[in-house]
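Below is one structure, written out as structure tokens, with a few remarks after it.
The values are calculated or read from the model by the stated rules, or taken from the named source; none is laboratory data. Being a predicted model, the structure only gives us computed values, none of them experimental. Virtual Cβ from ideal backbone geometry, glycine too; neighbours counted across all protein chains shown. The area values use the complete protein model at the heavy-atom level, side chains included, leaving out ligands, DNA and RNA. Shrake-Rupley method; radii C 1.70, N 1.55, O 1.52, S 1.80 Å.
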Amino acid sequence: APMDAHQAVSNVVEICRAEARAKELNVHLNLRAKTHHVTADTAKFQQIIWNLLKNAIKFTAEGGDITISSDNPSETLFTVSVRDSGIGIEPEVMQRIFDPFEQGNRSFEHRFGGLGLGLAISKSLAQAHDGTLTAQSDGPNRGSIFTLSMQALPQGEAASVASKAVTESSRQALKILL
């Protein structure tokens, strides 16, 4: 369904705020895309961003920086990037970084934990949304950048979808399960 990607990104940042604060990380939001509505499953979109942000938190040393930014490289394209100042990715690992169970250097497995499935799942979810997920790093200890690219909804279409959603939600009865 059509959704506001900036709102979803902000939700994920809020979910991860305490963990980032515990490591004294500086998390910056730079959501500057003018066209930021996409067609996606909101929970799955947030899962992609959550995986990327959790990795950035995990692999960035105390006091480091994480920047989440959005852009429109073209009128019909929306991108969101998660950049960190963490441990980076070695060039030989870059080719297989999205493979299931890939954790780069084996010493990371013991030092950082995890199964090595987050990026594989995120890439699969991006592809299921007709999007792409890419990684960049200048090497060890030089940080990394993960970028999700998706088709953006035209601004006029996004506005009509938003007003329709408000109208529909105001007519729906609430069901609460206790």
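Based on what the data block shows, is Ile68 touching a residue at least 40 places away in the same chain (Cβ under 8 Å) and in contact with a helix residue (DSSP H, G or I) (Cβ under 8 Å, 6 or more places away or on another chain)?
Yes: the conditions hold for Ile68.
Among the numbered criteria (1) open to solvent by less than 70 Å² (accessible area, probe 1.4 Å); (2) at pLDDT below 95; (3) part of a helix (DSSP H, G or I), which single criterion is violated by Leu125?
Checking Leu125 against (1) open to solvent by less than 70 Å² (accessible area, probe 1.4 Å); (2) at pLDDT below 95; (3) part of a helix (DSSP H, G or I), the one that fails is (2).
Considering only residues that are surrounded by 12 or more Cβ atoms within 10 Å (Cβ to Cβ) and assigned to a helix (DSSP H, G or I), look in segment 89-110 and name the one that is modelled with the lowest pLDDT.
Glu109
How do the pairs read when you match residues in segment 81-102 that are over 27 Å from Gly63 (Cβ atoms) with residues anywhere that are among the basic types (Lys, Arg), using Cβ under 7 Å and keeping only pairs 6 or more apart or on different chains?
Once the first residue is over 27 Å from Gly63 (Cβ atoms) and sits in segment 81-102, its partners that are among the basic types (Lys, Arg) give Phe98/Lys123; Glu102/Arg96.
Based on this model, can you work out whether Gly63 counts as of a type outside the set (A, V, I, L, M, F, W, C) and over 18 Å from the mean Cα position of the chain (by Cα)?
yes
Got a number for residues in segment 39-72 being buried (at least 18 other Cβ atoms within 10 Å of the Cβ), among the small types (Gly, Ala, Ser) and more than 17 Å from Ser144 (Cβ to Cβ)?
Matching residues across segment 39-72 total 2.
Just give me the residues in segment 20-37 being open to solvent by 70 Å² or more (accessible area, probe 1.4 Å) and under 15 Å from Met150 (Cα atoms), in sequence order.
Once the filter is applied, which keeps residues that are open to solvent by 70 Å² or more (accessible area, probe 1.4 Å) and under 15 Å from Met150 (Cα atoms), segment 20-37 yields only Lys34.
Give Asn30, Asn11, Asn51 a once-over and let me know the one that is closer than 25 Å to Arg142 by Cα and either within 12 Å of the chain's Cα centre (by Cα) or among the acidic types (Asp, Glu) (or both).
Exactly one residue qualifies, and that residue is Asn51.
Tell me which residues, restricted to segment 56-79, are outside any loop (DSSP other than H, G, I, E, B), closer than 19 Å to Arg17 by Cα and hydrophobic (A, V, I, L, M, F, W, C).
Those that are outside any loop (DSSP other than H, G, I, E, B), closer than 19 Å to Arg17 by Cα and hydrophobic (A, V, I, L, M, F, W, C): Ala56, Ile57, Ile66, Ile68.
Output the number of the condition that Gln46 fails; it satisfies all remaining conditions of (1) at positive phi; (2) assigned to a helix (DSSP H, G or I); (3) of a type outside the set (Val, Ile, Thr).
Just one mismatch for Gln46, condition (1).
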